[in-house]
Amino acid sequence: MTIIFKHIINEKLELRLLEARHAEAVYEVIEMNRGYLSEWFPWVPNTKNAEHTKTFIENELRRFAHNNGVSTGIFYENKYIGNISIHEINWNSKLSSIGYWISSEYQGLGIVTTCCRELLNYAFETLGLNKIEIRARTDNVRSSAIPIRLGFKQEGILRQVDYNNDRYYDHVVYGLLKDEWRGK
């Protein structure tokens, strides 16, 4: 088995570029966390089987091949537990955003913060981006804690930009500039 892209963070944690062969494992984690994830993400109800997940992975691989961001699986002790991505890149402004989710049983261990730190290093040092944003629903305290912990500044509130479970939600936008990044 050849792994296209793998970034080892420590002895337990790594990021891997998702491949079609991961579709079943990704879908299983989504399915196990469906109730929890559905509360926060409007894409969850449309993820109905591993084939849907495979299509997502294939689309993300095409985006990566076109140098327009990267979606990686979070693997803890060699087990897929969530996802973290650099979204589409505005190369003119050297701007992108990071998005993430993790299985509920692995929350509170600092895994997402650690993975964000690695993606920030990649975004600023390798890709040469100038700014990264993280957006979170205003009612998602756990998700908002991550950019705050990493030194992001709150830049504003986007009103009713998220529609999920028959309701609109506001997002808080956090931004971090390359010259503000403290690094590792």
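The values are calculated or read from the model by the stated rules, or taken from the named source; none is laboratory data. Everything numeric here is computed off the predicted structure, so don't read it as measured data. With ideal geometry, Cβ positions are generated from the backbone for all residues, glycine too; neighbour counts draw on all protein chains shown. Protein only, heavy atoms only, side chains kept; ligands, DNA and RNA dropped before computing areas. Shrake-Rupley method; radii C 1.70, N 1.55, O 1.52, S 1.80 Å.
Identify, by number, the condition in (1) at pLDDT 95 or above; (2) β-branched (Val, Ile, Thr); (3) over 23 Å from ASN59 (Cβ atoms) that VAL141 doesn't meet.
All conditions pass for VAL141, except number (1).
Residue-by-condition table, conditions (1) more than 16 Å from the chain's Cα centre (by Cα); (2) among the hydrophobic types (A, V, I, L, M, F, W, C); (3) more than 17 Å from CYS115 (Cβ to Cβ):
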position: LEU150; (1), (2), (3): no, yes, no
position: GLU155; (1), (2), (3): yes, no, yes
position: ASN164; (1), (2), (3): yes, no, yes
position: TYR174; (1), (2), (3): no, no, no
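Quick check: anything in the stretch 17-31 in contact with a helix residue (DSSP H, G or I) (Cβ under 6 Å, 6 or more places away or on another chain) and β-branched (Val, Ile, Thr)?
The answer is yes, given that some residue of the stretch 17-31 is in contact with a helix residue (DSSP H, G or I) (Cβ under 6 Å, 6 or more places away or on another chain) and β-branched (Val, Ile, Thr).
Of (1) closer than 18 Å to LYS6 by Cβ; (2) without any contact (Cβ under 8 Å) to a residue 60 or more places away in the chain; (3) open to solvent by 40 Å² or more (accessible area, probe 1.4 Å), GLY108 satisfies all except one. Which?
Condition (1) is where GLY108 drops out.
If I ask for residues that are open to solvent by 50 Å² or more (accessible area, probe 1.4 Å) and closer than 13 Å to ILE74 by Cβ, which ones from the stretch 1-16 would you list?
Matches in the stretch 1-16: LYS6, HIS7, ILE8, ASN10, LYS12.
Grab the helices (runs of 4 or more DSSP H) fully contained in the stretch 17-102, keeping just those with 3 or more residues being open to solvent by 30 Å² or more (accessible area, probe 1.4 Å) and over 26 Å from TYR174 (Cβ atoms).
23-32, 50-65
Only residues that are open to solvent by 30 Å² or more (accessible area, probe 1.4 Å), of a type outside the set (Val, Ile, Thr) and touching a residue at least 12 places away in the same chain (Cβ under 8 Å): list them for the stretch 111-126, please.
Those that are open to solvent by 30 Å² or more (accessible area, probe 1.4 Å), of a type outside the set (Val, Ile, Thr) and touching a residue at least 12 places away in the same chain (Cβ under 8 Å): ARG117, GLU118, TYR122.
From the list ARG149, ARG182, which one is over 17 Å from SER93 (Cβ atoms), of a type in the set (Lys, Arg) and in contact with a helix residue (DSSP H, G or I) (Cβ under 9 Å, 6 or more places away or on another chain)?
ARG149
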